[in-house]
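K.L.:
This structure is in C-alpha cells; I'll ask about it shortly.
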Amino acid sequence: MTSVFDLQATDGDARAGVLHTAHGDVPTPAFMPVGTKATVKTVDPDELRALGASIILGNAYHLHFRPGSGTIAELGGLHAFMAWDGPILTDSGGFQVFSLRDTLLEADDDGVTFRSVYDGRPERFTPELSARIQRELGSDVAMCLDICPPAGVPRTALEEAVRRTTLWARRQRDLDRAPGQLRFAITQGGLDSEVRRRSSEELVPLDFDGYAIGGLSVGEEREPMFDATSHAASYLPAEKPRYFMGIGDPEGVIEVIARGIDMFDCVLPTRTARTVSALTFEGRLNMRNARFARDPRPLDEHCGCPACARFSRAYIRHLVNQQEILGLRLLSLHNLRFLMDLVRDARQAIERGTFESWRDDARSRLTLQRVEM
Ligand SMILES: [Zn+2]
C-alpha cells in the first residue's frame, strides 16, 4: 500500500509534498478553493483546472440540506454531480453548526442541535451523520465533526471542546467510508498551547490519514494565531498532511506555509471578487475606483489568468460599476489564480531551499497591499 502523503522537501519548517487521493495527486502546499454548495462561485470546473486548482472543498452542512447528500449519491456522487473529476475534501459541517449566527441550540456528548439556516427548523448533527453525509457525497477526504469554539473563550471551554472532539473522533474513525476516502481529524485548543498539545496527543495515536488545525482564524489577533500555528504543527506527525482550516489571504498563506502547513482553504479569493477587489502585487485594488476609468493595463502585469490575458482595468471597472456578472467572474478567476500562483511559487522556493528569501520578497511586495481596502 502506498502512503497517503509523501514529504518531498523541507526548508526550515516549510514543507513540499504530495497528497495521494482516489481522484489524483495533490502537490502541497495546496490552496483549496471553496465550493461550499458544490460550486466555486461563478467558476466552472474546466476553469478551476486551468487556474491550477488540484483539490477543491465541498461542505457537508450545506449539501446535506440542499439538495441532500442522498440525492447527490443517486446522481453518482459529488464529483459527477458538479462535474469535477479531481480530488475533493468535504468539511464536516462542524464549523457551520458552531459559527452560523444564533443557530446553535445545544451540544452534548452525543451530538449537536441547531436551527437550519435554510428554514430555521431544529436539526441535529452527530459524528455518525456527518460521516454518512460525507460517505454519500463520496469525497476524497472526509473531515471529522468537531467542536469549534469562537476566539476568546475561557480555558475550560477549550478543554471541553477538546474532550468532545476526541470523543467524536474515536467514534468516527472506523465508520464506513466511500471507496478510497481518507479521513482527517481536527485538533482544537484555540491559542492555548497546552490544550492544543493535549488535543494532538489524544488524536495522533488514533492514526488518522491527516490532521487539521481547527479553532484558529476565528477572530483572534494574527500574531498569536501564527504562534499557535507553530505550536499546533509541532505536535503533529511529520509524515502526515497538515491542514489549516480557513486562511486564504496572501500574507496569511505565506505565514502558515512557513510554519509547516500543507493545505488550507478560504472563501477569500471569491468573496473578495464579489466585493470587487483584485489581489495583486501592487495592492488590493478596489475596481470601483475612478482612477481605473481609463487604465488600459491588466489587473496584474505578471498574471496569466483569463482576465489579465484579455481585459483592461478600465473594462473590468465598467463591468463592476454596471453590476455585470462578467466583472465578478473575471475578478474571481484572477484572485484564484493569484493565490494558486503564490502557493506554486512557495512550493518551488521550498524545493530549491530558498523559501526564506522568497518569503521576505513576497511579504515586502504584499505590504503595499494595505493601501486600499
Ligand atoms: Zn489575472
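K.L.:
So which pairs qualify, if the first residue must be in the stretch 295-319 and within 9 Å of the ligand (Cβ to nearest atom), the second must be of a type in the set (S, T, N, Q), the Cβ gap must be under 7 Å, and the two must be at least 6 apart or on different chains?
P.N.:
The qualifying pairs are P298/S312; L299/T280; D300/T280.
K.L.:
Sticking with this structure for a sec: Output the residue which, of all residues in the stretch 141-164 that are out of contact with any Asp or Glu (no Cβ under 9 Å at 6 or more places or on another chain) and of a type in the set (D, E, K, R), is least open to solvent (accessible area, probe 1.4 Å).
P.N.:
D146
K.L.:
Output the residues belonging to the stretch 256-300 that are under 12 Å from H334 (Cβ atoms), in contact with a Ser or Thr (Cβ under 9 Å, 6 or more places away or on another chain) and among the hydrophobic types (A, V, I, L, M, F, W, C).
P.N.:
A273, A278, L279, L285, M287, L299 - these are the residues of the stretch 256-300 that are under 12 Å from H334 (Cβ atoms), in contact with a Ser or Thr (Cβ under 9 Å, 6 or more places away or on another chain) and among the hydrophobic types (A, V, I, L, M, F, W, C).
K.L.:
Continuing with this model, one more query. Across the stretch 261-281, what is the number of residues that are surrounded by fewer than 16 Cβ atoms within 10 Å (Cβ to Cβ) and within 16 Å of the ligand (Cβ to nearest atom)?
P.N.:
Going through the stretch 261-281 one residue at a time, the tally reaches 0.
K.L.:
Which of the numbered conditions does G138 fail, given that it passes all the others? Conditions: (1) within 24 Å of I213 (Cβ to Cβ); (2) open to solvent by less than 30 Å² (accessible area, probe 1.4 Å); (3) in contact (Cβ under 8 Å) with a residue 60 or more places away in the chain.
P.N.:
Here G138 clears every test but (1).
K.L.:
So, one more: Among (1) open to solvent by 30 Å² or more (accessible area, probe 1.4 Å); (2) farther than 23 Å from L330 by Cα, there is one condition Y61 misses while meeting the rest; what is its number?
P.N.:
(1)
K.L.:
How many residues does the stretch 165-221 hold that are within 20 Å of S130 (Cβ to Cβ), among the aliphatic types (A, V, I, L, M), without any contact (Cβ under 8 Å) to a residue 60 or more places away in the chain and open to solvent by 20 Å² or more (accessible area, probe 1.4 Å)?
P.N.:
3
K.L.:
Need at least 2 residues that are aliphatic (A, V, I, L, M), within 24 Å of A307 (Cα to Cα) and more than 16 Å from the chain's Cα centre (by Cα) per element, so show me which helices (runs of 4 or more DSSP H) inside the stretch 33-90 make the cut, counting only ones lying wholly within it. Lay out the reasoning, then the answer.
P.N.:
Numbers: elements: 45-51, 60-65, 69-74, 78-82.
In the stretch 33-90, the matching helices (runs of 4 or more DSSP H) lie at 45-51.
K.L.:
What are the pairs with Cβ atoms under 6 angstrom where one residue, in the stretch 228-244, is under 14 Å from L203 (Cα atoms) and the other, located anywhere, is of a type in the set (K, R)? Sequence gap at least six, or different chains.
P.N.:
Close Cβ pairs satisfying both conditions: A232/R196; A233/R242; A233/R259; Y235/R197; L236/R242.
K.L.:
Turning to a different aspect of this structure: Can H334 be described as within 14 Å of the ligand (Cβ to nearest atom) and surrounded by fewer than 17 Cβ atoms within 10 Å (Cβ to Cβ)?
P.N.:
no
K.L.:
Something else: If you go through the stretch 19-28 one residue at a time, do you hit one that is free of Cβ contacts under 8 Å to residues at least 24 places away in the same chain, surrounded by fewer than 23 Cβ atoms within 10 Å (Cβ to Cβ) and closer than 29 Å to A258 by Cα?
P.N.:
Residues of the stretch 19-28 that are free of Cβ contacts under 8 Å to residues at least 24 places away in the same chain, as a first pass: 20.
Right, trim to surrounded by fewer than 23 Cβ atoms within 10 Å (Cβ to Cβ) and you get 20.
So of that shortlist, the ones also closer than 29 Å to A258 by Cα come out as 20.
Within the stretch 19-28 (the criterion being free of Cβ contacts under 8 Å to residues at least 24 places away in the same chain, surrounded by fewer than 23 Cβ atoms within 10 Å (Cβ to Cβ) and closer than 29 Å to A258 by Cα), the answer is yes, since at least one residue qualifies.
K.L.:
Answer yes if at least one residue in the stretch 302-318 is surrounded by fewer than 16 Cβ atoms within 10 Å (Cβ to Cβ) and part of a loop (DSSP other than H, G, I, E, B), and no otherwise.
P.N.:
Looking for residues that are surrounded by fewer than 16 Cβ atoms within 10 Å (Cβ to Cβ) and part of a loop (DSSP other than H, G, I, E, B), one finds at least one in the stretch 302-318, hence yes.
K.L.:
Could you grab the pairs with beta carbons closer than 8 Å, sequence gap of 6+ or different chains, first residue in the stretch 115-126 and hydrophobic (A, V, I, L, M, F, W, C), second one surrounded by 11 or more Cβ atoms within 10 Å (Cβ to Cβ) and in a loop (DSSP other than H, G, I, E, B)?
P.N.:
V117/L100; V117/T103; F125/G93; F125/G111; F125/L145
K.L.:
Now a separate question. Which condition from (1) open to solvent by 10 Å² or more (accessible area, probe 1.4 Å); (2) more than 14 Å from E251 (Cα to Cα); (3) away from the ligand (no atom under 16 Å from the Cβ) is the one that A349 breaks?
P.N.:
With (1) open to solvent by 10 Å² or more (accessible area, probe 1.4 Å); (2) more than 14 Å from E251 (Cα to Cα); (3) away from the ligand (no atom under 16 Å from the Cβ) applied to A349, the lone miss is (1).
K.L.:
A further question on this structure: For the stretch 222-242: of the residues being closer than 25 Å to L279 by Cβ and surrounded by 24 or more Cβ atoms within 10 Å (Cβ to Cβ), which is farthest from the chain's Cα centre (by Cα)?
P.N.:
The residue in question is T229.
K.L.:
Further, regarding this structure: Please state which of the following conditions R291 fails to meet, knowing it meets all the rest: (1) within 30 Å of V18 (Cβ to Cβ); (2) without any contact (Cβ under 8 Å) to a residue 12 or more places away in the chain.
P.N.:
Evaluating R291 over (1) within 30 Å of V18 (Cβ to Cβ); (2) without any contact (Cβ under 8 Å) to a residue 12 or more places away in the chain leaves (1) as the failure.
K.L.:
Turning to a different aspect of this structure: Taking the stretch 320-330 on its own, how many of its residues are assigned to a helix (DSSP H, G or I) and either surrounded by fewer than 18 Cβ atoms within 10 Å (Cβ to Cβ) or within 9 Å of the ligand (Cβ to nearest atom) (or both)?
P.N.:
4
K.L.:
Another question, then. In the stretch 239-274, what residues are farther than 14 Å from L57 by Cβ and among the hydroxyl-bearing types (S, T, Y)? Talk me through it step by step, then tell me what you get.
P.N.:
Of the residues in the stretch 239-274, the ones farther than 14 Å from L57 by Cβ are 239-242, 249-262, 272-274.
T272, the sole residue that qualifies.
K.L.:
Also: Give me the residue from the stretch 80-113 that is in contact with an Asp or Glu (Cβ under 6 Å, 6 or more places away or on another chain) and modelled with pLDDT of 95 or more and, out of that set, nearest to V34 (Cα to Cα).
P.N.:
Checked the stretch 80-113; the qualifying residue nearest to V34 (Cα to Cα) is I88.
K.L.:
Further, regarding this structure: Considering every residue within the stretch 114-134, establish whether at least one is open to solvent by less than 10 Å² (accessible area, probe 1.4 Å), out of contact with any Gly (no Cβ under 6 Å at 6 or more places or on another chain) and part of a loop (DSSP other than H, G, I, E, B).
P.N.:
Yes.
The values are calculated or read from the model by the stated rules, or taken from the named source; none is laboratory data. In this text the structure is predicted, and so the values were computed from the model without any measurement. So basically every Cβ, Gly included, is an ideal-geometry build from the backbone, and we count neighbours across all protein chains shown. These area figures cover heavy atoms from the full protein model, side chains too; ligands, DNA and RNA do not enter into them. Shrake-Rupley method; radii C 1.70, N 1.55, O 1.52, S 1.80 Å.
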